[in-house]
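Read the structure below first, then the notes.
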Amino acid sequence: MKEKIKSLALALLVVCSLVQSYFLIYQLPGSNPVVKTESDYIRTENMGASLEAETMLFPAQIAVHMGEGKHTLFYPDSTFYNLIYSRLKGRQFDGFQRYAVDNVNWTEIRSEHIGVELEFGGGVPIGLLQRVMQIASDPLFDAESINRLLIYNTGTEDQVRVFFFSSRGDVVYEATKADLTMQDVQQQVDFGKDWVPYTLEEGYYLPEQAVDMVQVGLGIGLYSTEQMQRSLFFDPSITRYIREKDGSEIYTDGKRSLQVRQDRNWINYTDPAAPSAGENSPSKNVLSAVDFVNQHGGWNGKYRLEQMNDGAGGNQQRVVFQQYYGTGPSGAFPILDLAAFHYGVISLEVRQGTITGYERSLIYDAGDGWEKQVVSLPGGEPLREQLTKLKEEARIARLYPAYVPSLTEQGLLLKPMWVVELGNGATRVLPQSSVES
């Protein structure tokens, strides 16, 4: 009997020793293991800030429809934009029905009925939108991405209608059970009565008055190549250095490569052999992209999920985050990414939740501005005249104010300008107008 007890006690001690060894090696569940593999990355010194995905899920603009062809627009971080969006995030949407988008004259509805419209740019997957809005799960459209949400009063009956537009452009979903009253919609519409009036042209909004923005100069810093190397390679000491004829530098460990364009302060990282498994979920891909940036460079400002494009074969997606800057009552505006000067976006290639490509600027805002002045972007007839020539090139799909960045001896200058997106995919920047002190 004593021998059996001794054997059991010895076996128990051996098991406890093994368990203790496991926790010493791998720490506690949910924490980083001490033993690293080549698929892990080294968390380097703090660079940019870490952000949650929810902070990047907001509309590019909110259109307010006041009936009789009257409209106005609110931009991110402006007072009325925040009021409308915060109220809608607390409402519930359920009971979805699907219709063909071409069955309704949406231009007529926007012009004749009062309501609000949230425009999400290239689209947000429903799984992510449910993180910031009270949208009931429904197999009918859970796999969709939504690029706009239209809410309006019918006028002829005591009813509020709510429509979610698919980013594919062919279908629309009505939430037949929405926690909204006609009074709720009327209160939100009233915010726009004394704001800049807009006219709905052929698919885009044109302001009838000048729009004021703040031109600003920012002091900047640069993330070093060594910082990015330490962040992106498992063992930076084994990377090889290659200098291309165009002056760019390439660092590679045989599997991954980091291209640095010093003349543009821009990096392009690729990991084509990165292992991936599971479904190619848009929501999962966005969350993986956010986590990757958090760990490898961080975020140097305010960003919005701008678009998601399917890659070749449909097993890869390109996820783009648009940087915003804003100061003053007008709100925050996007910083335009230019072919001659890449800045303002962070772009990632994602395959089944695994990052295979990563592009971003090495420039970051150092926090000490050196210029600030009000700029009035033209509206009304002067703006219409500028757009006339562009209409000869292609249909105008969108008109919006943005910051055009440029490097100066003092830092980064952000100039407010009108940006035009054409139906053929081209982007045009209109010349800057008057500046007020």
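Remarks
- Of the candidates Gly344, Gly353, the single residue that is within 22 Å of Phe292 (Cα to Cα), of a type in the set (Gly, Ala, Ser) and touching a Gly at 6+ places or on another chain (Cβ under 8 Å) is Gly353.
- Residue match in the stretch 130-145 (condition: touching a Lys or Arg at 6+ places or on another chain (Cβ under 7 Å), open to solvent by less than 10 Å² (accessible area, probe 1.4 Å) and closer than 23 Å to Pro334 by Cβ): yes
- The requirement of being modelled with pLDDT of 95 or more, surrounded by 15 or more Cβ atoms within 10 Å (Cβ to Cβ), closer than 23 Å to Gly90 by Cβ and not polar (S, T, N, Q) is not satisfied by Leu200.
- Hits in the stretch 66-101 - residues which are part of a helix (DSSP H, G or I) and free of Cβ contacts under 8 Å to residues at least 60 places away in the same chain: Asn82, Tyr85, Ser86, Lys89
- Residue count, the stretch 100-110 (criterion: loosely packed, with under 15 Cβ neighbours inside 10 Å and either charged (D, E, K, R) or in contact with a Ser or Thr (Cβ under 7 Å, 6 or more places away or on another chain) (or both)): 2
- The stretch 125-139 residues that are of a type in the set (Lys, Arg) and assigned to a loop (DSSP other than H, G, I, E, B), paired with ones that are at pLDDT 95 or above and surrounded by 14 or more Cβ atoms within 10 Å (Cβ to Cβ) (beta carbon under 9 Å, 6 or more apart): Arg131/Ala53; Arg131/Leu57
- Cross-chain or 6+ apart pairs with Cβ under 8 Å, the stretch 175-190 first and more than 19 Å from Phe96 (Cβ to Cβ), then assigned to a helix (DSSP H, G or I) and not acidic (Asp, Glu): Asp184/Arg87; Gln188/Leu83; Gln188/Ile84; Gln188/Arg87
- Condition met for Ile114 (open to solvent by 10 Å² or more (accessible area, probe 1.4 Å) and closer than 26 Å to Arg304 by Cα): no
- Residues of the stretch 179-194 that are open to solvent by 30 Å² or more (accessible area, probe 1.4 Å), among the hydrophobic types (A, V, I, L, M, F, W, C) and either at positive phi or part of a loop (DSSP other than H, G, I, E, B) (or both): Phe191 alone.
- On the stretch given as the stretch 73-99, residues that are touching a Gly at 6+ places or on another chain (Cβ under 8 Å) and either under 18 Å from Asp184 (Cβ atoms) or open to solvent by 40 Å² or more (accessible area, probe 1.4 Å) (or both) total 4.
- The set of residues from the stretch 324-370 being under 30 Å from Gly192 (Cβ atoms) and aromatic (Phe, Trp, Tyr) comprises Tyr324, Tyr325, Phe333.
- Test result for Pro329, more than 24 Å from Glu421 (Cα to Cα) and open to solvent by 10 Å² or more (accessible area, probe 1.4 Å): yes
- First in the stretch 50-65 and in a loop (DSSP other than H, G, I, E, B), second anywhere and open to solvent by 10 Å² or more (accessible area, probe 1.4 Å) and at pLDDT 95 or above, Cβ under 6 Å, 6 or more apart: Ser50/Asn294; Leu57/Val132; Pro59/Glu119; Ala60/Glu119
- Number of positions in the stretch 146-178 that are over 26 Å from His71 (Cα atoms) and open to solvent by less than 30 Å² (accessible area, probe 1.4 Å): 0
- For the stretch 349-437, the strands (runs of 3 or more DSSP E) that sit wholly inside it and include 1 or more residues that are open to solvent by less than 60 Å² (accessible area, probe 1.4 Å) and hydroxyl-bearing (Ser, Thr, Tyr) are 354-361, 363-377, 396-407.
The values are calculated or read from the model by the stated rules, or taken from the named source; none is laboratory data. Predicted, not measured: the structure shown is a model, and the values here were computed from it. Every residue, glycine among them, receives a Cβ derived from its backbone with ideal geometry; neighbour counts consider all protein chains shown. In case anyone asks, the SASA skips ligands and DNA or RNA and just uses the protein heavy atoms, side chains included. Shrake-Rupley method; radii C 1.70, N 1.55, O 1.52, S 1.80 Å.
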